[in-house]
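Worksheet for the structure shown next.
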C-alpha cells in the first residue's frame, strides 16, 4: 500500500479483435502490425495517456521485435478482471512522442 491505495498490475487481459472487413485487424495490418505484435506492444508499453482528441481513448508507446510502436485503445468500463481492451490502431514510429514513463 502506498498513500492508502493498493497498487497492482493486471495480468489477465482480453483483447476484442474484430476480423470483419474494415475492422481493427484490417486497420492495424494497413499500418504494418499484426494482432500478436499489437499485444506485445500493449504488454511492454509505457504508461498510457489519454488521447488529445478523445479522453476515452488511451495512447501508449512500446517496443516489439526491435521496433518502436504507438498504439491506441479503449478499455471496456464494465470489466475488471479480465481487463477487456478494444484495440483501435497501432503503427510504427521513429522516436518517442508521448510524455511519461518509458518501458
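The values are calculated or read from the model by the stated rules, or taken from the named source; none is laboratory data. For clarity, every value in this text was computed on a predicted model and none was experimentally measured. Heads up, the Cβs are rebuilt from the backbone with ideal geometry, glycines too, and the neighbour counts pull from every protein chain shown.
Which is in contact with a helix residue (DSSP H, G or I) (Cβ under 9 Å, 6 or more places away or on another chain) and either outside any loop (DSSP other than H, G, I, E, B) or more than 20 Å from residue 12 (Cβ to Cβ) (or both), of 89, 84? Write out each step before concluding.
Working: 84 fails: in contact with a helix residue (DSSP H, G or I) (Cβ under 9 Å, 6 or more places away or on another chain).
Result: 89 is the single residue among 89, 84 that is in contact with a helix residue (DSSP H, G or I) (Cβ under 9 Å, 6 or more places away or on another chain) and either outside any loop (DSSP other than H, G, I, E, B) or more than 20 Å from residue 12 (Cβ to Cβ) (or both).
Taking residue 34 and the conditions (1) touching a strand residue (DSSP E or B) at 6+ places or on another chain (Cβ under 9 Å); (2) surrounded by 13 or more Cβ atoms within 10 Å (Cβ to Cβ), which numbered condition does it fall short on, given that it satisfies the others?
Status for residue 34: all satisfied but (1).
Testing residue 43 on (1) within 10 Å of the chain's Cα centre (by Cα); (2) more than 15 Å from residue 97 (Cβ to Cβ); (3) surrounded by 15 or more Cβ atoms within 10 Å (Cβ to Cβ), one condition comes back false. Which one is that?
The one condition residue 43 does not meet is (3).
Given the criteria outside any helix (DSSP H, G or I), at pLDDT below 90 and touching a strand residue (DSSP E or B) at 6+ places or on another chain (Cβ under 6 Å), does residue 10 qualify?
Yes: the conditions hold for residue 10.
I need the full set of residues from region 63-82 which are surrounded by fewer than 19 Cβ atoms within 10 Å (Cβ to Cβ) and within 16 Å of residue 38 (Cα to Cα), in order please.
Answer for region 63-82, where residues must be surrounded by fewer than 19 Cβ atoms within 10 Å (Cβ to Cβ) and within 16 Å of residue 38 (Cα to Cα): 63, 65, 66, 67, 68, 72, 74, 75.
Could you grab the pairs with beta carbons closer than 7 Å, sequence gap of 6+ or different chains, first residue in region 16-39 and within 10 Å of residue 88 (Cα to Cα), second one surrounded by fewer than 12 Cβ atoms within 10 Å (Cβ to Cβ) and at pLDDT below 95?
So the pair list comes out as 25/19.
Can you tell me which residues in region 32-52 are part of a loop (DSSP other than H, G, I, E, B) and modelled with pLDDT under 95?
Within region 32-52, 32, 45, 46, 47, 48, 51, 52 meet the criteria.
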